[in-house]
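Reading through the C-alpha cells given below for one structure.
The values are calculated or read from the model by the stated rules, or taken from the named source; none is laboratory data. All values derive from a computational prediction rather than experimental measurement. Cβ: placed from backbone, ideal geometry, glycine included. Neighbour counts: every protein chain shown. Calculation scope for accessible area: heavy atoms of the full protein, side chains included, ligands and nucleic acids excluded. Shrake-Rupley method; radii C 1.70, N 1.55, O 1.52, S 1.80 Å.
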Amino acid sequence: MTNSALHKPAVLVVDDTPQNLKLMVELLRDQYQTLVANSGARALAIAQGPQCPDIILLDIMMPEMDGYEVLRQLKADKRTRHIPVIFLTAKSEVEDETLGLELGAVDYITKPISPPIVLARVKSQLLVKDAADFLRSQNQFLEAEVVKRTQRLEAIQDVTVMVMTSMAETRDNETGNHIMRTQRYVERLARQLQAHPRFAQLLTQDYIKLLFKSAPLHDIGKVGIPDHILLKPGALTADEFETMKQHTVLGYEAITRAETALGTEVDFLRIAKEIALSHHEKWNGSGYPKGLREDEIPVSARLMAIADVYDALVSKRVYKSAMPHAQAVDIIAAGKGQHFDPDVCEAFMAVQSDFQDIAATYSDD
C-alpha cells in the first residue's frame, strides 16, 4: 500500500449484495481506503480489529444480523462507539429512518443512491468526526493534566506534613510512632461512624482521607514549648501545665500562618487546624483552650481526643509505664458523656480490638 493510501480515511462498506459492494468500492476508491463486509458479523470483526474504519456505510436488510443490530453492538462497544455510521438502504419509510437515527446513525441515505450525494455526505461526516476526535483528545489531555496536578498537590501536602511533623520529632523523640498510631486510630473511628446519622454526611471517603493526612499535625504546637516542660520526666506544676496547654494555640497559629502564606484555604489544613486547636476540648466543657462543649467541638477533634488519650494510656513514657489495653478501655468508657462524645465513645468500644492491633503493629519497640 502506498504512503498516499495510508493517509486516506478508511470507509467500511457493509452489504450482503456483491453488486452493491462493487459499486461502492468503485465510487469511493479514488478518495478513500475501502474495506468491505458482506455480513453484520464480519462488519463487527473488522470494526473491532486493528484497522478500525473512520466511517461505516451500513445496509439494513441483511440475513442473520440486520443493520440496526450491527449499529446497536457498535454503540455498545467503547472501541467502536465513536465511529460514525451512515445507513445506506432501500428501506425508505419515515419510521425506518427515525429508528436508524435514534439508534445513533449520523445520516440515512436511501437507495438507489446518488453518487455525488453519497460522496458529499461521507466527506461531511468525516469532517465532523475529525472535529469530535480533536475535542476528545483535548479532553483526555486535560483530564490527564488534572490527574497529574492533583497527584502533585497531594505530594506537596504529604511533604508539608512530613516536614512539619519532623520538626516536632526533633523536640520529642516519642512522637514518631505516636503519629502513625493516632492517624490509624482516627481513621478507624471515622469509618466506624460513617453510617451513623450524626456523622454520615461529614464522614465521606474524601473527608476521611483528609483526616488521615491531617492527624499528624495535632501536636505540632509542641515545638513552641520549652524543653524543661516538654521533656520533664515527672508531673508538671500548675504553671508548667498552663504553658503546656498553649501547644494547642501555637499549633493552630502555625498552621494558619502556613495557610496564609499559600494565599488560599486548603481542606486538609482546615481539618489540621481544628484538630490542633481542639483535640483537648471535652464533651462537658471542661477542656482547653476554649472550653468548648458538645457539638461546638469539631468532629475531627472529637475523634482525635479518644485516639490521643488511648495512645497516651497504653504507651510507655519517661514518666510512666504503659497501661494494659483493658484498663485503658475502662478509662475511656468512664469518660463517655464527660470527656468524650458519647457516640464516638460507643464507636471506640466497637472497634477497641482494632486499636489494640494498631498499637501492637506500630509500637515504640
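Per-structure values
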| quantity | calculated |
| --- | --- |
| Members of the range 91-111 that are open to solvent by 50 Å² or more (accessible area, probe 1.4 Å) and either assigned to a helix (DSSP H, G or I) or farther than 20 Å from residue 29 by Cβ (or both) | 91, 92, 93, 94, 95, 97, 98, 99, 101, 102, 106, 110 |
| Complete set of residues in the range 319-333 that are part of a helix (DSSP H, G or I) and either open to solvent by less than 80 Å² (accessible area, probe 1.4 Å) or of a type in the set (Val, Ile, Thr) (or both) | 325, 326, 328, 329, 331, 332, 333 |
| Evaluation of residue 288 against (1) open to solvent by 30 Å² or more (accessible area, probe 1.4 Å); (2) aromatic (Phe, Trp, Tyr); (3) over 20 Å from residue 344 (Cβ atoms) (one fails), failing number | (3) |
| Qualifying residues in the range 237-249 (those that are surrounded by 15 or more Cβ atoms within 10 Å (Cβ to Cβ) and free of Cβ contacts under 8 Å to residues at least 40 places away in the same chain) - the one nearest to the chain's Cα centre (by Cα) | 247 |
| Which numbered condition residue 336 misses (of (1) at pLDDT below 95; (2) surrounded by fewer than 20 Cβ atoms within 10 Å (Cβ to Cβ)) | (1) |
| Pairs with Cβ under 6 Å, 6+ apart, first in the range 283-299 and touching a residue at least 60 places away in the same chain (Cβ under 8 Å) and over 17 Å from residue 249 (Cβ atoms), second of a type in the set (A, V, I, L, M) and open to solvent by 30 Å² or more (accessible area, probe 1.4 Å) | 299/202 |
| Residue satisfying all of: in the range 68-90; open to solvent by 60 Å² or more (accessible area, probe 1.4 Å) and in a helix (DSSP H, G or I); farthest from residue 25 (Cα to Cα) among these | 76 |
| Counted residues, the range 43-54 - those being surrounded by fewer than 23 Cβ atoms within 10 Å (Cβ to Cβ) and in contact (Cβ under 8 Å) with a residue 24 or more places away in the chain | 6 |
| Residue match in the range 111-124 (condition: within 35 Å of the chain's Cα centre (by Cα) and either within 25 Å of residue 20 (Cα to Cα) or modelled with pLDDT of 90 or more (or both)) | no |
| Yes/no for residue 341 being touching a Lys or Arg at 6+ places or on another chain (Cβ under 8 Å), of a type in the set (Asp, Glu) and more than 13 Å from residue 283 (Cα to Cα) | no |
| Residue satisfying condition, being within 25 Å of the chain's Cα centre (by Cα) and farther than 14 Å from residue 303 by Cα, within set 216, 226, 233, 197 | 197 |
| Where a residue in the range 250-268 is closer than 16 Å to residue 216 by Cα and its partner, wherever it lies, is outside any helix (DSSP H, G or I) and charged (D, E, K, R), with Cβ under 7 Å and at least six apart | 251/219 |
| Condition broken by residue 305, with the remaining ones in (1) surrounded by fewer than 17 Cβ atoms within 10 Å (Cβ to Cβ); (2) aliphatic (A, V, I, L, M); (3) touching a Lys or Arg at 6+ places or on another chain (Cβ under 8 Å) satisfied | (1) |
| Any chance residue 10 is among the small types (Gly, Ala, Ser), under 22 Å from residue 133 (Cα atoms) and in contact with a strand residue (DSSP E or B) (Cβ under 9 Å, 6 or more places away or on another chain) | yes |
| Given (1) out of contact with any strand residue (DSSP E or B) (no Cβ under 9 Å at 6 or more places or on another chain); (2) exposed (fewer than 15 other Cβ atoms within 10 Å of the Cβ), number of the condition residue 349 does not satisfy | (1) |
| Those residues of the range 200-234 which are assigned to a helix (DSSP H, G or I), touching a residue at least 60 places away in the same chain (Cβ under 8 Å) and surrounded by fewer than 16 Cβ atoms within 10 Å (Cβ to Cβ), in sequence order | none |
| Scan of the range 29-49 for residues that are among the small types (Gly, Ala, Ser) and assigned to a strand (DSSP E or B), ordered by number | 37 |
| Residue list for the range 338-365, filter: touching a Gly at 6+ places or on another chain (Cβ under 9 Å), free of Cβ contacts under 8 Å to residues at least 60 places away in the same chain and either part of a loop (DSSP other than H, G, I, E, B) or among the aliphatic types (A, V, I, L, M) (or both) | 339 |
